[in-house]
Amino acid sequence: QVQLVESGGGLVQPGGSLSLSCAASGSIFSRNRMGWYRQVPGKQRELVASITTAGTTTYVDAVKGRFTVSRDNAKNTVYLQMNSLKPEDTAVYYCSLGTYKYNIGWSNDYWGQGTQVTVSS
């Protein structure tokens, strides 16, 4: 089985920066997508950013230009650099790992435990 271990969450002031990382271990397919989702109480988990092994990235509109997702395929690690943080970015951030299924799309087969990001003055 795959395990995802996240780190880097915490408290930051508006306009500040924070970096998240997520390392995957176990039986990982060579082609996959790793990403970051966030969730606040009462709402569905939403995609923040993702990146495939091929380097294709996806961002939710709210973070475009502020967040950067990257990965190290050799280390099976995904990163999220968050700049110009806003209070609206406050959420629990979850790392995900999935594969592409024909006629279905990208899956989220594994999840990290979540890390709290709080943006407040």
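The values are calculated or read from the model by the stated rules, or taken from the named source; none is laboratory data. None of these values were measured; they are calculated from a predicted model. In this analysis, Cβ positions are derived from the backbone assuming ideal geometry, glycine residues included, and neighbour counts consider all displayed protein chains. Areas reflect the complete protein model, heavy atoms only, side chains present, ligands, DNA and RNA absent. Shrake-Rupley method; radii C 1.70, N 1.55, O 1.52, S 1.80 Å.
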Under a 10 Å cutoff between Cα atoms, tell me which one of GLY15, GLY55, GLY105 has the largest fluctuation in the Gaussian network model of the chain.
GLY105
Accessible surface of the chain, 1.4 Å probe, proportion on carbon and sulfur as whole %
49
Based on alpha-carbon positions alone, could you give the equivalent ellipsoid semi-axes of segment 1-70 from the gyration tensor, as √(5λ), descending, whole Å?
22, 15, 13
Using a Gaussian network model of the chain with C-alpha springs under 10 Å, which one of PRO87, PRO41, PRO14 is most mobile by mean-square fluctuation?
PRO41
With a probe of 1.4 Å, find how much accessible area the chain has per residue, and write the answer as a whole number in Å².
55
Could you tell me which chymotrypsin sites (Phe, Trp or Tyr not before Pro) in segment 1-95 are loop residues by DSSP with no more than 16 other beta carbons within 10 angstrom of their beta carbon?
PHE29
What is the log10 of I(q)/I(0) for segment 39-121, computed with the Debye formula using one identical point scatterer on each Cα and no solvent, at q = 0.14 Å⁻¹?
-0.52
With a 10 Å cut-off between alpha carbons and a GNM built on the chain, which of LYS75, LYS43, LYS64 moves the most?
LYS43
